[in-house]
Amino acid sequence: MFFGTFKLIKLNRLYVHRNEFKKVRVLIDMMYLSSTARTDGPDYDTYWVKYNNQLRDSFLVEHKLGVVEKIIREKNQNNDSIHIWHHPVLEDSYAMPNHKKYEDSFDKTNIRNLIILFFIAIITLIHLLFKYFKKRWIKKEF
């Protein structure tokens, strides 16, 4: 849950600022494989998409549900340009051409799931501590 807390903070920040994202079209400079995760399946590779010839201007995309194919297809159809959700401070993300506003349903679902897992972890920890101390108290009484 330690790493889940950082992910929860990041997702919450994206969700709070969801109305500040602007959809812009950018020219792609480079797209390369960042890592392969064969433990999750063949479609879970991650790619860096760099644009605008700047180091900051890039985003990481997971190859789920054919997202990378959609980026490549859109890039080829529009002379190497794609749509992104741009925020001045937060990290950018890929925008589907037909979406009119920032899609936040994925963020809401992940936030809800992480909060549920966080409460389960806390309840499990309290239960284990209670069992441990109860066992110690019973040993002291004899």
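The values are calculated or read from the model by the stated rules, or taken from the named source; none is laboratory data. Bear in mind the structure is a predicted one, so any value in this text is a computation, not a measurement. Cβ atoms come from the backbone with ideal geometry, glycine included; neighbour counts cover every protein chain shown. Ligands, DNA and RNA are excluded from the accessible area calculation, which covers all protein heavy atoms including side chains. Shrake-Rupley method; radii C 1.70, N 1.55, O 1.52, S 1.80 Å.
Summary of computed values
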| item | result |
| --- | --- |
| Per-region count, the range 3-57, residues modelled with pLDDT of 80 or more, of a type outside the set (Val, Ile, Thr) and touching a Ser or Thr at 6+ places or on another chain (Cβ under 7 Å) | 2 |
| Filter result (crowded, with 17+ Cβ neighbours inside 10 Å, of a type outside the set (A, V, I, L, M) and in a loop (DSSP other than H, G, I, E, B)) within the range 88-103 | Asp92, Tyr102 |
| Selection from the range 72-87 of residues that are surrounded by 15 or more Cβ atoms within 10 Å (Cβ to Cβ) and in a loop (DSSP other than H, G, I, E, B) | His87 |
| Count of residues meeting criterion [under 22 Å from Asn19 (Cβ atoms), open to solvent by 80 Å² or more (accessible area, probe 1.4 Å) and in contact (Cβ under 8 Å) with a residue 24 or more places away in the chain] in the range 104-140 | 1 |
